[in-house]
1. Which of the residues spanning the range C:287-309 are more than 17 Å from C:Gly323 (Cα to Cα) and without any contact (Cβ under 8 Å) to a residue 12 or more places away in the chain?
2. Scan the range C:201-212 and give yes if some residue there is touching a residue at least 24 places away in the same chain (Cβ under 8 Å), of a type outside the set (S, T, N, Q) and closer than 30 Å to A:Pro307 by Cβ, otherwise no.
3. Quick check, is B:Val205 of a type in the set (A, V, I, L, M, F, W, C) and open to solvent by less than 10 Å² (accessible area, probe 1.4 Å)?
4. Do the conditions hold for C:Tyr252, that is, is it in contact with a strand residue (DSSP E or B) (Cβ under 8 Å, 6 or more places away or on another chain) and either over 22 Å from C:Pro107 (Cβ atoms) or within 11 Å of chain A (Cβ to nearest Cβ) (or both)?
5. Does the range B:163-173 contain any residue that is within 11 Å of another protein chain (Cβ to nearest Cβ), out of contact with any helix residue (DSSP H, G or I) (no Cβ under 6 Å at 6 or more places or on another chain) and buried (at least 24 other Cβ atoms within 10 Å of the Cβ)?
6. Which numbered condition trips up B:Gly142, out of (1) assigned to a helix (DSSP H, G or I); (2) open to solvent by 50 Å² or more (accessible area, probe 1.4 Å)?
7. Take the residues of the range C:157-176 that are in a helix (DSSP H, G or I) and among the polar types (S, T, N, Q): which is farthest from C:Ala287 (Cα to Cα)?
8. Looking at (1) within 14 Å of chain A (Cβ to nearest Cβ); (2) in contact with an Asp or Glu (Cβ under 7 Å, 6 or more places away or on another chain), which is the one condition that is false for B:Tyr245?
Amino acid sequence: MAIGESQTELDDGPAGEIGDDGFEADVGWRYTLRKIKGDATARFGLYVIIVVLAVSLVTGIDSNLERLTLGRYEDFVLAEAILSHPEHLPPPGETERRLPPAFAEEGSWAHPLGTDQNGRDYLTRLIYGTQVSVFVGIVATLIGLVGGTIIGAISGYYGGWVDDVLMRAVETLYAIPPLVLVIVFTVFVSGNDPDIIYAVFGVGIAFIPVFARLIRSRVLSVREMDYVEAARAAGVKDRDILRRHVIPNSFAPVLVLATLYIGVTILIVAGLSFLGYGAQPPTADWGEMLRVAHQYMHANPWMSIWPGIAILVTIMGFNLFGDGLQDALDPRIK
Amino acid sequence: MTDTLLEVTDLKTHFFTERGVVRAVDGISFDVRPGEIVGLVGESGAGKSVATTSIMRLVDDPGQIVSGEIEFAGSTIVGFDEADGELVPREEMLSNADMRRQIRGNEIAIIFQDPMESLNPVYSVGAQVREFIELNRDLSGGEATEEAIEMLRRVGIPEAEDRYDEYPHQFSGGMRQRVLIAMALGCRPRLIIADEPTTALDVTVEGQILELVRDLQAEFDTSFVWVTHDMGVVAELCDRVNVMYLGKIVEQGPIDDIFYNTKHPYTEALLSSIPRPDRTVAELDPIEGTMPSARNPPRGCRFHPRCPDAREACTRIDPEFYDVSDGAGVQYSACIKHADVGYWDSEPFDGQRLEQPP
Amino acid sequence: MGLLRYTIRRLLQAIPVMFGIAVITFILVNATPGDPVDYMVAEELASEELIAAIEERYGLDEPLHIRFLHYLGFSWILEALGVPGFQDSPTGLLQGDLGLSMYYDRPVSELMWTRLPPTLLLMISAFAFAIATAVPLGVLAARRRNKPTDHISRIVALVGVSTPSFWIGIMLIIIFGVLLGWLPTGRLVYPWRPPAHYGYTGYPELFYQTIRHLLLPMVALGTLQMATIMRVERSSMIESFQKDYVTLARAYGVPERTIMRKHAFRVSQLPVITLVGLNLTSAIGGAVLIEEVFAINGMGRLIIQAIGTLDYQLVLGTTVVIGFVFVIGVIITDIAYAYVDPRVSYGEER
């Protein structure tokens, strides 16, 4: 009998099979997918994310994206709303802050969630706000991810003083509260003329340390592997080694982190908008809507509820899915 | 025959996992007499640790003691009665509270394998020893402290009184193991279960610990169940030995008989696989293959896929515990060679070497 | 004694760190473009003399390296030591002078005295709230793993982590302040002011009102911390349960309650303490938002204002002060960690 082989020609019976005990691989994409399918909360999170993405696309992408990236809007919400639903035009000369229907008087189903301080339909603004949040969340996280990957990979791979310098810089960046960092960045770069795009870049930069540290630790562990040494000995360029061996190996935890950080980004940008350093009016953004709602707290408490719920649900979706992803990729005690 | 201190009869402990039932301990029987050191030998995965935790009734979900009996000094630790075709825990079985108060620590103490992990890093060593002594003996706090210091001294820790206040990370591996021994002996139990206590230590330290245990055992007259995978340790220390394989005991007997009058192929294989200084690497005789999972043990004799003496009959017949005593002591073997079930008539299995009938 | 030595060592280490903060902040603030004078007067319209006067008043007319020495307070020391070339040197950091705020036209340190305490009060109470609720809940969830109590607590933690703190603040104000009228809707009452300042009859009422005003902002700021701490507490306790020394304690007959309280609990706090230390930075961001929501005149609002108005000295001063506070906070958590984990202060292995 060869070593390791413990089979016999015997078949069946609970005590009959040797070797094969129904063992299935514990790694790989298929396993991950299976685990997620089995995890109800993770699935729920995924559904929420899909719903949010769908809502963000409902109003069409191009014109908004253009405006988002090029700067300010001019009353686009009002214009779009009027164009698509003329009945939403507020009565001339009257700006009403209404209450939702059925819960309160003065409400009507024409404006299911009421109107804002300028008479614009709240639900519509909420929907448009989804776009901003999704855009910001994805782009900022991507910036952090890419920037962090580059820095982390270089730092981990080359080591030495490069590593020291980069890591000190990264740690200093990490020590600054993200909110403050982004505000400073915005003021610095825009000349005190804030807009959403600076928020996006600012947050992205603020998140570089997180990704950098993760990638660096993965690089450090992969670097010592034999196949990397072999590749080096064979003359493969460092750049290619990084690209082809190191980075694919780090993919899984990065994915988890990115998912979770999309949620964090939305949270931070909401806070920035609340302070006036994020999306500028008349852009519809949940944080911005809350900023205004805060002023009308006593007069119209309803305005404060809906954007907050939107933020809550969205982030919860990302958190649930991210957690599920984490459990699937690195099973720990639940 | 002297009174047995611990008597384990047909113990079965199974783990009910998502992937199936793991029959970690599948019907073992052995006993321990007062003042003797009984060895429990086997490879990793044989079920030794599960057996010891079962004795202490510390088996946790998803594990469960399914059947069998464990008697200790007249008390029933584990016992089942049959009621309507099902096994029901016996009434006289000690309750959990009784186990905790009477048995654990007082009567039976346990020493774990990993001295690094067995001590709580945030409390001083002395405090930990004292706590257990105070709990398990009728001593006041101050008396327990003194006793703890005394035990630390006895196990060979220098400047015991000072080191009482030090923390585990300030002790080396060997020292930590001595602390664990001090803990165990300090509670004056009648039985100590030592679960591979020297496996994590290097050979010289191991030698010291073994010597220490022998001295202390003689002094305190404690019985030991010594779990190990090292036949050499067994030879040095034990009075009687149980050889375990995949949840069952395959051979049992006095130490000399096991070594010089081996009656089971597995024991033989274990003994011949020990590297010796007078043999080269090429002459090493390892046991082929690895131990299969206890979820789907081989049919028939569990060892047959790796057994050099396996025959066709071994694939069918599940051996019992046959009495093969022919020396001074009682010896058992679970190999059908010693039974009259047709081993010698059946064909060799997979072209293994044949053994001539006696 | 190891702990005391460790504490002293950390405090001494803090000095170069704080110095570094002061230096870096100075460099960064002075590297930003934008002309602060512009904020006070429209430069094109103002006369030369006016601009010169403003510059002189705020020390902007001197070269950078001189400003640096003034800022640190070195020039004052040098003057006191009789080094030539330093006359009429202004005071600086080492003398406790943080400069003059341009926007407020008051010394920055004076502003600090009024603005820092509210923020500290808010942050400390928020952390206290978070720890006081999260630790017991986390332990409970760990004990009742996978039972209803556990599931509920995990949902609570999830919501806590996913909800913006400022929204929680707004909703709390709406529910408890506007709709129910039980609690005040903003501002804080400070227990270090005399009761008469607020028109209260005495200290008991002062403290009572302090708490009343603190309740909502404390919960709003503390919720996120509570959620994160609870999660870590739970997983840390669960991990402890699997440890050998816990099993050993059980094997020696230690009652379950004692195991929970003594053997598992203490060790589990280590990751929690680390987490609190890490959370300090994000808490500052949270404080900014909460101060805005509750109209509290604290450091958070001050910083944002200072940045927005390019008030150099104020930005400098507030950043340095916050940096110092942060360093102290880190040291406190480090000491707490060392208190629990003897390996830190008694580092020698034998």
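The values are calculated or read from the model by the stated rules, or taken from the named source; none is laboratory data. This structure is a prediction, so every number in the text was calculated from the model and none was measured. Counting neighbours? That spans all protein chains shown, and the Cβs are built from the backbone with ideal geometry, glycine included. When the accessible area is computed, the model is the full protein with side chains, heavy atoms only, and any ligands, DNA or RNA have been set aside. Shrake-Rupley method; radii C 1.70, N 1.55, O 1.52, S 1.80 Å.
1. Here is the first cut: in the range C:287-309, the ones more than 17 Å from C:Gly323 (Cα to Cα) are C:289-297, C:305, C:308-309.
C:Gly308, the sole residue that qualifies.
2. There is at least one residue in the range C:201-212 that is touching a residue at least 24 places away in the same chain (Cβ under 8 Å), of a type outside the set (S, T, N, Q) and closer than 30 Å to A:Pro307 by Cβ.
3. So B:Val205 fails the test.
4. Values: in contact with a strand residue (DSSP E or B) (Cβ under 8 Å, 6 or more places away or on another chain): yes; either over 22 Å from C:Pro107 (Cβ atoms) or within 11 Å of chain A (Cβ to nearest Cβ) (or both): yes.
Taking the combined requirement at face value, the residue satisfies it.
5. no
6. (2)
7. Step one: filter the range C:157-176 for residues in a helix (DSSP H, G or I), giving C:157-162, C:165-176.
Narrowing further to those that are among the polar types (S, T, N, Q): C:162, C:165.
Numbers: C:Ser162: 17, C:Ser165: 9 Å.
Here the residue is C:Ser162.
8. In the conditions (1) within 14 Å of chain A (Cβ to nearest Cβ); (2) in contact with an Asp or Glu (Cβ under 7 Å, 6 or more places away or on another chain), B:Tyr245 misses (2) alone.
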